[in-house]
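What follows is a short report on a single structure.
The values are calculated or read from the model by the stated rules, or taken from the named source; none is laboratory data. Everything numeric here is computed off the predicted structure, so don't read it as measured data. Every residue, glycine among them, receives a Cβ derived from its backbone with ideal geometry; neighbour counts consider all protein chains shown.
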């Protein structure tokens with residue numbers, strides 16, 4: 001059945017802004033979800049990088065590297081991270097053969113999600129504006 005244009009416009013008149021209204025209501029939730037996914041991925045990248053860097057430093061220490069060389073290797077391996085937030089601690093770097101060298105790398109990852117207050121509330125205070133990533137690697141001196 002064919003309806004004149006005036007009748008069709010009258011029937012659709014109440015739904016003209018519906019799509020825009022739905023977009024306005026759902027866009028903030030969608031953006032928070034996207035930010036959270038990106039934040040999780042970048043935080044996980046930081047965790048993997050810190051773990052690998054500590055392992056690389058411990059391996060250098062196991063074959064006779066000095067404390068300064070070990071710390072530099074950890075920093076070089078973690079070059080994609082903010083070096084100002086990275087702390088390296090080396091213990092027993094040039095001890096006797098058979099003992100262990102321990103390399104500890106600490107990193108503070110700053111969240112990019114703009115709702116850290118909400119995240120802190122939801123998590124009971126365990127998630128704040130920064131996440132502390134720590135990795136310790138220990139290898140026997142050769």
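Counting only residues that are in contact with a helix residue (DSSP H, G or I) (Cβ under 8 Å, 6 or more places away or on another chain) and more than 20 Å from residue 99 (Cβ to Cβ), segment 44-73 holds 3 of them. Among the numbered conditions (1) in contact (Cβ under 8 Å) with a residue 40 or more places away in the chain; (2) closer than 22 Å to residue 33 by Cα; (3) in a helix (DSSP H, G or I), the only one that residue 113 does not meet is (3). The number of residues in segment 64-81 that are loosely packed, with under 15 Cβ neighbours inside 10 Å and in a loop (DSSP other than H, G, I, E, B) comes to 4.
Note on segment 116-135: among residues that are assigned to a strand (DSSP E or B) and surrounded by 13 or more Cβ atoms within 10 Å (Cβ to Cβ), the one that is modelled with the lowest pLDDT is 130.
The residues on offer are 40, 35, 44, and the sole one that is modelled with pLDDT of 90 or more and either assigned to a helix (DSSP H, G or I) or loosely packed, with under 14 Cβ neighbours inside 10 Å (or both) is 44.
Condition check for residue 55 on (1) surrounded by fewer than 16 Cβ atoms within 10 Å (Cβ to Cβ); (2) assigned to a helix (DSSP H, G or I): one failure, at (1). Scanning segment 83-101 for residues that are in contact with a helix residue (DSSP H, G or I) (Cβ under 9 Å, 6 or more places away or on another chain) and part of a loop (DSSP other than H, G, I, E, B) yields 92, 93, 94. From the list 61, 95, the lone residue that is at negative phi and crowded, with 20+ Cβ neighbours inside 10 Å is 61.
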